[in-house]
Amino acid sequence: MKNILVIGSTGQIGSELTMKLRREIPQSTVVAGYIPGAEPKGELLESGPSAIADVRDSAGLAEIVSRYKIDTIYNLAALLSAVAERKPLLAWDIQMNGLLNILEIAREKGVAVFTPSSIGSFGPETPHEGTPQDTIQRPRSMYGVTKVATELLSDYYFHKYGVDTRSVRFPGLISYTTLPGGGTTDYAVEVYYSAVKGEEFTCPIASGTYMDMMYMPDALHAAIMLMEADPSRLKHRNSFNIASMSFEPEQIFAKIREYIPSLQVRYEVDPVRQAIATSWPDSMDDSCAREEWDWKPTYDMDSMTVDMIKNLRLKLGVK
Ligand code: AKB
């Protein structure tokens with residue numbers, strides 16, 4: 001990876017991935033792609049080039065790829081699961097038509113592409129515990145439909161045209177830098193904000209609902225590690241299960257209370273998010289990622305909680 005375009009650079013993953021790539025691959029040019037209304041600011045803006053990169057504008061994307069001689073695209077443009085249920089046509093347009101534009105440019109210009117999939121690519125018939133790498137994927141949400149199709153289309157471009165497509169199925173991602181927007185797993189981020197601010201947290205997911213979760217540094221590491229992996233070792237491409245922790249709401253609340261005992265929680269279950277959460281795996285089996293490119297997470301629930309609370313206190317100016 002030398003000249004990299006991050007599409008969605010101001011989003012939850014993109015804002016941190018762009019900075020990590022700029023820091024860790026100093027000889028590279030990392031272009032922060034954004035859409036009008038979500039412009040990069042501060043360090044993200046100042047530390048490297050940025051450009052409007054709307055996945056629905058194929059000509060605009062091709063121009064950026066040529067101008068910066070892009071060899072790798074991280075395509076992070078997506079509506080998350082709960083928003084995609086409210087705006088299914090927009091989700092299809094961004095996630096599918098947008099992806100097709102990117103893959104066509106990649107085919108013509110020899111660019112490698114990472115487009116994440118998610119635990120959302122699974123559905124109610126998927127085995128929920130120890131969800132295998134290769135298993136039934138019949139999601140019922142529009143988000144899930146686009147994620148399965150993303151996996152298939154990315155594999156199609158690899159097998160048919162040799163485009164170097166790779167990806168992971170991200171669990172719910174927890175971070176203190178940029179808030180997620182409209183996902184089913186967002187509660188696991190928002191509860192930390194409430195705990196640090198001393199506010200009561202209203203939980204939209206029912207107690208007892210297990211989902212895979214991951215701390216952002218591990219997710220970023222996975223995205224970079226996979227794109228740098230030796231291709232001759234990859235038996236899979238789109239997409240690898242990756243896992244680090246699985247919990248239900250009461251477990252994360254109990255963990256936070258070890259450090260902030262005053263955390264108050266009440267439940268107001270959102271039927272849309274709950275239906276999605278119930279259909280997702282409880283815990284994924286990531287042995288293929290471990291075997292094929294040495295994936296291994298660093299954080300567990302305890303080390304993540306300590307780091308989240310420390311950094312949120314600094315960010316929010318709370319003692
Ligand atoms: C969501 O909840 O929509 C995302 C995801 C797990 O893909 N965080």
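Considering every residue within the stretch 25-47, establish whether at least one is within 16 Å of the ligand (Cβ to nearest atom) and within 21 Å of Asp164 (Cβ to Cβ). Among the residues of the stretch 25-47, not one is within 16 Å of the ligand (Cβ to nearest atom) and within 21 Å of Asp164 (Cβ to Cβ), which makes the answer no. Among the residues examined, Ile256 does not qualify as under 20 Å from the mean Cα position of the chain (by Cα) and either surrounded by 15 or more Cβ atoms within 10 Å (Cβ to Cβ) or modelled with pLDDT of 95 or more (or both).
Scanning the stretch 122-152 for residues that are among the hydrophobic types (A, V, I, L, M, F, W, C) and open to solvent by 40 Å² or more (accessible area, probe 1.4 Å) gives Ile136, Met142, Val145, Leu152.
Among the residues of the stretch 264-279, are any farther than 17 Å from Tyr187 by Cβ, out of contact with any Pro (no Cβ under 6 Å at 6 or more places or on another chain) and either of a type in the set (A, V, I, L, M) or open to solvent by 30 Å² or more (accessible area, probe 1.4 Å) (or both)? There is no residue in the stretch 264-279 that is farther than 17 Å from Tyr187 by Cβ, out of contact with any Pro (no Cβ under 6 Å at 6 or more places or on another chain) and either of a type in the set (A, V, I, L, M) or open to solvent by 30 Å² or more (accessible area, probe 1.4 Å) (or both).
All conditions but one from (1) surrounded by fewer than 21 Cβ atoms within 10 Å (Cβ to Cβ); (2) more than 15 Å from Ala77 (Cα to Cα) apply to Gly181; the one that does not is (2).
Taken over the stretch 76-101, the criterion of being touching a residue at least 60 places away in the same chain (Cβ under 8 Å), open to solvent by 10 Å² or more (accessible area, probe 1.4 Å) and within 17 Å of the chain's Cα centre (by Cα) is satisfied by Leu76, Ala77, Ala78, Leu79, Leu80, Val83. Starting from residues that are in a helix (DSSP H, G or I) and of a type in the set (D, E, K, R), keep the ones in the stretch 280-296 and report whichever is surrounded by the most Cβ atoms within 10 Å (Cβ to Cβ). The extreme case among them is Glu292. Which residue out of Val163, Val168, Val111 is under 19 Å from Trp293 (Cβ atoms) and either open to solvent by 50 Å² or more (accessible area, probe 1.4 Å) or over 18 Å from the mean Cα position of the chain (by Cα) (or both)? Of the residues listed, the single one that is under 19 Å from Trp293 (Cβ atoms) and either open to solvent by 50 Å² or more (accessible area, probe 1.4 Å) or over 18 Å from the mean Cα position of the chain (by Cα) (or both) is Val163.
Does any residue of the stretch 306-319 turn out to be within 15 Å of the ligand (Cβ to nearest atom), assigned to a helix (DSSP H, G or I) and of a type in the set (A, V, I, L, M)? Give the derivation first.
Let us first name the residues in the stretch 306-319 that are within 15 Å of the ligand (Cβ to nearest atom), namely none.
No: the stretch 306-319 contains no residue that is within 15 Å of the ligand (Cβ to nearest atom), assigned to a helix (DSSP H, G or I) and of a type in the set (A, V, I, L, M).
Those strands (runs of 3 or more DSSP E) of the stretch 152-265 in which at least 2 residues are within 12 Å of the ligand (Cβ to nearest atom), considering only elements entirely within it, cover 168-170, 172-174, 211-215.
The values are calculated or read from the model by the stated rules, or taken from the named source; none is laboratory data. Since the model is a prediction, treat every value here as computed from it, not as a measurement. Backbone-built Cβ (ideal geometry, glycine too); neighbour counts: all protein chains shown. Ligands, DNA and RNA are excluded from the accessible area calculation, which covers all protein heavy atoms including side chains. Shrake-Rupley method; radii C 1.70, N 1.55, O 1.52, S 1.80 Å.
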